[in-house]
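Since the structure comes first, as C-alpha cells, the remarks are kept for the end.
Quick note: the coordinates plus some simple rules give every number you see, no bench work behind them. These figures come from a predicted structure and were not determined experimentally. Neighbour counts run over all protein chains shown; Cβ positions are idealised from the backbone, glycine included.
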C-alpha cells in the first residue's frame, strides 16, 4: 500500500459510501472504531450538511465520496418522454412530477473545497474523473485521492490526473455503477476480474468493490492484491445505517427468498441493473418499478434522478418498496442486521 493511503488510515475493509441515506456519520465512526474505514457520502447533500457530517466524523479515520458532475443535457427530449411515461406513477402516489433539470453539478467545487479545508484523510470520486486541479488541491491539503473505475479503460483515464489509488468496482456491486459508458454497461464483471484488469494498468493501490458476501470473498480479494475490500450491501442492515425501513424489509425478505431458492451469495438472481430510477446504471432488488421501466429508461443522470425523486419519497412514506430504489449487490442473500462493529468482525471471521 502507498505511504499516502497508509497514513490516511486505509484498512483491509472499507465501508462504501452509500448516498441517499444509508451512510451516516454513526456508521462511519462505528466502522473506524472496529478497525475498518468508512466513507461519508456527499452525493445529493448541500455543502452545509456535508460539513456537519465531516465534523461528526472528525477524530477517526474516514473518507468522503464526491460525485463528478455530468455535462448538461444536450437533448432533454428523451427525459421529457420518460416524464410522460411516469405519469401513472405520479397519479398512483398523488404527487406532481418536477420539470426536467438539464444541469446539476451537485455543488462539486464546494465539496472539494470542504474536503481540502477539513483535510479529509481519504477522498474518493465516482461517476467520472475529477479535474487535475481538484486532485492537486486535495493532495496538497493532505488528502489521499481515490477514483472509482469499472474497467481498464477508465483506469487509464483516471491515472492521467495522478490519484493515490483506484477503486475497481465490479458489475456485482449494489447501487450506482461508476461507469463513464452507461450505454455499454452490462454489470456482468466480478470483483476479481475488475481488480486484475485495473492492477495490470498500475502499481498504485487498488481497492476491490462489488458483490462481497462474506469473509471468504474478502480473503480472496486481499490475496489477489487488493489494498482493501470495499463493501456496501453488507452494511445496509447495520444498526447505524440510515437505510429506509421499507428497504430493510425488502432486503430481509429478499435474502430469505434468495437463500431458499438456492441463489447463494455471488449470484445476480433477485437483482437487476437498471437506469429506471436515476438514468445511470445501478444494481437493485427487482420490484414493480424496475420491471415496468427498466426497458424504457433513458440515459440521463442526474436528470432522471430528480424526476423520480418525488415518486420514491412518496413510496417510502407509504412503506411501499415497489417504487423504491432498493440498491443491493449480488451478495445480498448473506447480509444480516447488527451493530457495524459486529458486521466488520464477521467479514474478518
(message) Need the full-extension length gain, residue 48 to residue 295, defined as separation in residues times 0.36 nm minus the C-alpha distance. One decimal, nm.
(response) 85.2 nm
(message) Suppose a student asked you for the relative contact order of the chain, using Cα pairs under 8 Å spaced at least 6 residues apart; what percent would you report?
(response) 20 percent
(request) Determine the gain in length on full extension of the stretch residue 336-residue 349; use 0.36 nm per residue of separation and subtract their C-alpha separation, reporting nm with one decimal. (result) 3.2 nm
(message) Over the chain, with a Gaussian network built from C-alpha contacts below 10 Å, which listed residue (49, 229, 37) shows the highest mean-square fluctuation?
(response) 49
(message) Taking 20 °C and 1.002 mPa s as the conditions, I'd like the Stokes-Einstein D for region 32-133 in µm²/s, using the Kirkwood hydrodynamic radius from alpha carbon pairs.
(response) 134 µm²/s
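Among 294, 178, which comes first, then next, by fewest other beta-carbon atoms within 10 Å?
Starting with the residue having the fewest Cβ neighbours, the order is 294, 178.
Starting from the Kirkwood Rh over alpha-carbon pairs, what translational D in µm² s⁻¹ does region 45-200 have by Stokes-Einstein at 4 °C and 1.567 mPa s? Spell out each step's value before the answer.
Details: Rh = 17.5 Å.
D = 74 µm²/s.
Restricting the count to DSSP beta bridges whose residues both fall in the chain, what percent are antiparallel, rounded to a multiple of 5?
Numbers: 7 of 37 bridges.
Just about 20 percent of them are antiparallel.
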